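A quick write-up on the structure given underneath.
The values are calculated or read from the model by the stated rules, or taken from the named source; none is laboratory data. As the structure is a prediction and not an experimental result, all values here were calculated from the model. As a convention, Cβ positions derive from the backbone with ideal geometry for all residues, glycine included, and neighbour counts pool all protein chains shown.
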Amino acid sequence: MYKYLLCWRYLRTRYIALASVISVMLGVATMIVVNSVMAGFSEKMRDRLHGVLADIVVESEYDMNGFYNSDEVMARVKAVTGDQVLAMAPAMETYGLMQFRYGGQKFTRQVQIFGVRPEERARTGDFAEYLVDEKSKQIKPSFDVPESLRLAASPAGQVIEGDPDSAINQALRAQVDEQVSADGAIIGWAMGTLHRDGKDDIILRRGDQIRLIYPKASQRPEPGADEFTVVGYFKSGMSENDSTHIYVPLDRFQKVRLLVNETGRGAVNQIQIKVKPGVNLDALKATIQTALEDLRPMYFKVSTWEQKQGPLLSAVAVEQSILNMLLFFIIAVAGFGILAIFSMIVVEKTRDIGVMKALGASTSGVRGIFLGYGLLLGAVGSGVGMAGGLLFVHYINTIEKWLSKVTGRKVFDDSIYYFNEIPTLVEPWTVFWIVGGALFIAAAASVWPAQRASKLHPVRALRFE
């Protein structure tokens, strides 16, 4: 019983020990906050990256113009995967330029163009969930240009009234057809807006015309151009995608790029594949790769969505690991503080230790006093740090708003990810290992002073000056 009484007394009276408690507390709290925020960002990022890509992607690795036998390729995939595949969608991807007018000026920017069939593409991922109008309300996956939108987008259409079959209205209708494309395009949200002061100002509205320029599949390098009507926006929440991606009708894209053969079949360079939940993607990818090698050796490349986004996901994991290593040094410093404090206590209380041993305190009992004291310091610091860290994570967005108001600048810039708030994810096992590591360091730092105190000889200790 005397061991516990002495540990509690030292904790209440040795104020220098508060430095170690505070170090452990700050280390534990900081690691919990950082890991929760990093895990929240990582989870959000993975969800959005996965939503943009299907589970597995088949590509023509070195041929930008793709392959014409997409039906045969999909049939081969279906044959070797059976009911593991839920949906497939062919696509054509290439780089190009987009031109548009705003404020009387013409602007040009580099884009990544995807030719897709929207209904099929929606079945292979979260494509449909990212399609919105100017008010960020979800719209259906379609490239159809509503008649009302075409008439409103053209000056000629705005004066059509009365009998639609009249000569004047037919002439105006012809002008509408010339001025407004009948095929729509879905552009990235960041391409159609300007983000200022936490708000998005629309610069390309639905009904506006854009001109796309991209390479044709001709013998000599030759640019192709086509015009489309903006019918919606792609808002995934990832700035890289929302600032470059444009989706257009696959059939028209193939024709303009001269990728329709004499049989009327168009070429694609991608097939997006959605599989059943719980299926091992790496094993299924290897099966598909083997089957397509038999169809056309050294041509197709099969990747899972994680492999397609591997560098980005790996960078996040490396950053989290490095941060954990650096922050753990805070707790390590607290451990050295405990070691120094206990060493001083052993020297200061040498006579007292001699008295206790002379009165019958065992070697293990004396050792237990210091080990228990170290563990108690670690437990108090870890407990308070865990509570403080979890509390900070819970109110992190309120704290962010307060800091932004105090400093006069945004602490969390939502223009990068379009997150409405800082995402957090508290993982119980991570909290457990953080707290457990802090307790281990605190206990380990008290081992040497405890061992030194337990080996003191009673007579020599009583003679200590």
Original post:
Of the residues that make up the stretch 376-385, is at least one of a type in the set (V, I, T), modelled with pLDDT of 70 or more and closer than 26 Å to A445 by Cβ?
Top reply: yes
Subject >> Checking L18 against (1) at pLDDT 90 or above; (2) in a helix (DSSP H, G or I), the condition it does not meet >> reply: (1)
**OP:** Output the residue which, of all residues in the stretch 208-238 that are farther than 18 Å from Y95 by Cβ and of a type in the set (S, T, N, Q), is surrounded by the most Cβ atoms within 10 Å (Cβ to Cβ).
**Re:** S236
**OP:** Kindly indicate the residue of the stretch 287-321 that is more than 30 Å from E119 (Cβ to Cβ) and modelled with pLDDT of 80 or more and also surrounded by the most Cβ atoms within 10 Å (Cβ to Cβ) among those meeting that condition.
**Re:** E293
**OP:** State which residue is surrounded by the most Cβ atoms within 10 Å (Cβ to Cβ) when the search covers only the stretch 55-77 and only residues that are within 31 Å of the chain's Cα centre (by Cα) and of a type in the set (D, E, K, R).
**Re:** D55
Original post:
Can you spot a residue in the stretch 257-280 that is in the same structural domain as T424 (by TED's automatic domain parsing), of a type in the set (S, T, N, Q), surrounded by 16 or more Cβ atoms within 10 Å (Cβ to Cβ) and in contact (Cβ under 8 Å) with a residue 12 or more places away in the chain?
Top reply: no
Subject >> Members of the stretch 234-243 found to be over 13 Å from E129 (Cβ atoms) and not in a helix (DSSP H, G or I), listed by number >> reply: M238, S243
**OP:** Could you grab me the full set of residues in the stretch 418-465 that are at pLDDT below 80, closer than 30 Å to V384 by Cα and of a type in the set (S, T, Y)?
**Re:** S446
Original post:
Hey, P90 hits all of (1) farther than 30 Å from V260 by Cβ; (2) at pLDDT 85 or above; (3) crowded, with 18+ Cβ neighbours inside 10 Å but one; which does it fall short on?
Top reply: (1)
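Yes/no matrix, rows are residues, columns are (1) in contact with a Pro (Cβ under 9 Å, 6 or more places away or on another chain); (2) touching a residue at least 24 places away in the same chain (Cβ under 8 Å):
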{"site": "G51", "(1), (2)": "no, yes"}
{"site": "Y68", "(1), (2)": "no, yes"}
{"site": "K78", "(1), (2)": "no, no"}
{"site": "Y95", "(1), (2)": "yes, yes"}
Original post:
Out of R46, R117, R121, R101, which single residue is charged (D, E, K, R) and surrounded by 18 or more Cβ atoms within 10 Å (Cβ to Cβ)?
Top reply: R121
**OP:** Check whether at least one residue in the stretch 46-59 is part of a helix (DSSP H, G or I) and either among the hydrophobic types (A, V, I, L, M, F, W, C) or in contact with a strand residue (DSSP E or B) (Cβ under 7 Å, 6 or more places away or on another chain) (or both), and report yes or no.
**Re:** yes
Original post:
Mind checking which residues of the stretch 108-149 are β-branched (V, I, T) and within 19 Å of E227 (Cα to Cα)?
Top reply: T108, V111, I113, V116, V145
